[in-house]
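Since every read-out is calculated from the coordinates, none of them should be taken as a lab result. These numbers were taken from a predicted model, which means no experiment stands behind them. With ideal geometry, Cβ positions are generated from the backbone for all residues, glycine too; neighbour counts draw on all protein chains shown.
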């Protein structure tokens, strides 16, 4: 059976059932990345070069950003410009179909921003599961956007007809991506200090995502990275 987070990319066409997964902390670039809750990462002001939210990290788009290596093949980019905050999650080589970004502006409310074949957001609490309580309203977002996974459906069906599995055919049929790019209005949240957490499932171990910062949980902001935006 295809892993839960991979299934999200196919749900539009195949209506597959999502199965919750267990959260597993990842190792960050040969070490465990931990932070003190008082630590702040200053998000730099960009130089005005636009970021096209297409998942392709074009030359010049992120050269003015703060770069953090969160695993051997996953880099996080951070910058702001003209009232917008930009997150880039680059995967080299590209082997992911989902990124989950968690933001808390006050150490209490937790906003879950999800992108795969569709984007969506929800508020989570200590009782929330990976996909439920509350459930996502697919396609729903307020004051933010991110690129979505797209693929050549005709090519995919042709490959299935030739004997490929659905997940094999989709992976081959995906359009080119380097990762995910998020653009969020800074005014979406009342605070200029955001706590953040990121999950990046990587093929083939989609049930063991890279988690940044390591050993943190979706339902608690303890140990999350603090971003300073003012």
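With r defined as the distance between the Cβ atoms of residue 158 and residue 219 and R0 fixed at 45 Å, what FRET efficiency is calculated, to the nearest 0.05? E(calc), rounded to 0.05, equals 0.60.
Along each principal axis, taking the top coordinate minus the bottom one, the Cα set of the stretch 99-230 gives 52, 28, 26 Å in descending order.
The relative contact order of the stretch 42-101 comes to 29 percent, based on Cα pairs under 8 Å that sit 6 or more residues apart.
When the Cα gyration tensor is reduced to axis lengths a ≥ b ≥ c, the ratio a/c is 1.5 or higher for the stretch 61-157, and with a/b not above b/c it is classed as oblate. Using the Kirkwood radius built from alpha carbon pairs, what does the Stokes-Einstein equation give as D for the stretch 45-84 at 10 °C and 1.306 mPa s, in µm² per second? Roughly 145 µm²/s, to the nearest whole number.
Set the Förster radius R0 to 22 Å, insert the Cβ-Cβ distance between residue 54 and residue 187 as r into 1/(1 + (r/R0)^6), and round the FRET efficiency to 0.05. Once the sixth-power term is evaluated, E becomes 0.40.
Here the stretch 157-230 was treated as a single set of alpha-carbon atoms; its pair distances binned every 5 Å from 0 give 3, 12, 14, 16, 16, 11, 10, 8, 5, 3, 1 percent. One equal scatterer on each Cα of the stretch 61-103, no solvent, Debye formula: the resulting log10 I(q)/I(0) at q = 0.18, 0.19, 0.23 Å⁻¹ is -0.57, -0.63, -0.87. Residue separation of residue 203 and residue 72 scaled by 0.36 nm, minus their Cα-Cα distance, works out to 45.8 nm of gained length.
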